[in-house]
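Here's the structure, in structure tokens; my notes come after.
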Amino acid sequence: MATIGLIGAGHIGSQLARLAVAHGYDVVLSNSRGPDTLTALVAELGPNARAATVVDAAKAGDIVVVTIPLKHHRTVPVEPLAGKVVIDTMNYYPQRDGQIAQLDNESTTTSELLQAHLPTSKVVKAFNHIYAAQLTTDARPAGTKDRRALVIAGDDSGAKTTVTRVLDEFGFDVVDAGPLKEGWRIQRDTPGYGPRRTAEQLRTDLAAARRYADQ
Ligand SMILES: NC(=O)c1ccc[n+]([C@@H]2O[C@H](COP(=O)([O-])OP(=O)(O)OC[C@H]3O[C@@H](n4cnc5c(N)ncnc54)[C@H](OP(=O)(O)O)[C@@H]3O)[C@@H](O)[C@H]2O)c1
């Protein structure tokens, strides 16, 4: 069975760990303070979960999720993630992350920043536009009427196929927004960012998204 490594074990990381364990994955969790601070979460998750350093979580994961404040993305270790599918959940909040000029002028996107930092990894943007609590409350089996959908974006089609399978297992339909550079269509303050949407509704939201300068 595959292992999901988590860099970040806060609101989103802990919820993704719950979904992963519930669907038969092993998980290796990490945060900035070290594995000793994750004892309670690991105990809750059970025998298929363990805590490790960031580097060891990156090494252990067949798929690795980066789910930390964006301002820290350059601390993510590069070499242990070479060749791997890396899921990026991060969003840009200047009040938390500080001003990032290339995001302010929209010459790039958050996931392209992570891809540039991890040039040998296959970054897929996912889980960025759903509130953490809803990852478990809104998940439904495939085929459920009006199932909630989530957007992905990425430059590697094989990696997107892998992440689509994970999202479907976890309980969500998937809408592919295209390459990473199209990820802005689901960034903060776009129509699809936050509300519960079906796949059809999300496609409408992506098409209706406007750049910050045009809002
Ligand atoms: N909350 C949501 O509903 C939501 C929804 C979608 C997307 N997001 C995005 O997903 C990301 C995570 O959000 P969150 O709400 O889960 O944040 P959070 O609750 O504040 O958790 C952040 C996690 O990242 C860890 N961390 C911080 N710096 C790190 C570093 N340099 N290396 C390793 N781990 C580090 C923290 O560990 P320590 O506690 O040890 O510092 C903590 O476990 C953010 O970019 C956010 O914008 C959030």
Note to self: Between a residue in region 110-132 that is over 13 Å from Pro179 (Cα atoms) and any residue that is among the hydroxyl-bearing types (Ser, Thr, Tyr) and away from the ligand (no atom under 14 Å from the Cβ), which pairs come within a Cβ distance under 8 Å, given they are 6 or more apart or on different chains?
What the structure shows: Ala116/Thr108
Next item on the list: Out of the residues in region 1-11 that are within 21 Å of Leu81 (Cβ to Cβ) and surrounded by fewer than 23 Cβ atoms within 10 Å (Cβ to Cβ), state the one that is farthest from the ligand (Cβ to nearest atom).
Entry: Met1
Notebook entry, point to check: What is the residue count in region 81-100 for residues that are more than 12 Å from the ligand (Cβ to nearest atom) and touching a residue at least 24 places away in the same chain (Cβ under 8 Å)?
Noted result: 8
Notebook entry, point to check: Pick from Thr162, Thr136: which is more than 21 Å from Thr75 (Cα to Cα), in contact with a helix residue (DSSP H, G or I) (Cβ under 7 Å, 6 or more places away or on another chain) and at pLDDT 95 or above?
Noted result: Thr136
Check: For region 94-122, what are the residues that are hydrophobic (A, V, I, L, M, F, W, C) and either within 15 Å of Lys71 (Cβ to Cβ) or in contact with a Ser or Thr (Cβ under 9 Å, 6 or more places away or on another chain) (or both)?
Finding: Ile100, Ala101, Leu103, Leu113, Leu114, Ala116
Check: When residues of region 127-183 are filtered for being closer than 21 Å to Tyr25 by Cα and basic (Lys, Arg), how many remain?
Finding: 3
Checklist line | Residue in region 2-14 that is in contact with a Pro (Cβ under 6 Å, 6 or more places away or on another chain), more than 21 Å from Tyr131 (Cα to Cα), at pLDDT 95 or above and not in a loop (DSSP other than H, G, I, E, B) present | finding: no
Item checked: Candidate set from region 101-123 (those that are within 11 Å of Met90 (Cα to Cα) and β-branched (Val, Ile, Thr)); member that is farthest from the ligand (Cβ to nearest atom) -> Thr109
Next item on the list: Could you tell me which residue of region 84-102 is surrounded by the fewest Cβ atoms within 10 Å (Cβ to Cβ), considering only residues that are touching a strand residue (DSSP E or B) at 6+ places or on another chain (Cβ under 8 Å) and part of a loop (DSSP other than H, G, I, E, B)?
Entry: Lys84
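The values are calculated or read from the model by the stated rules, or taken from the named source; none is laboratory data. Owing to the predicted nature of the structure, the values given are computational and were not obtained by experimental measurement. Quick reminder, even Gly has a Cβ in these numbers, built from the backbone with ideal geometry, and neighbours come from all protein chains shown.
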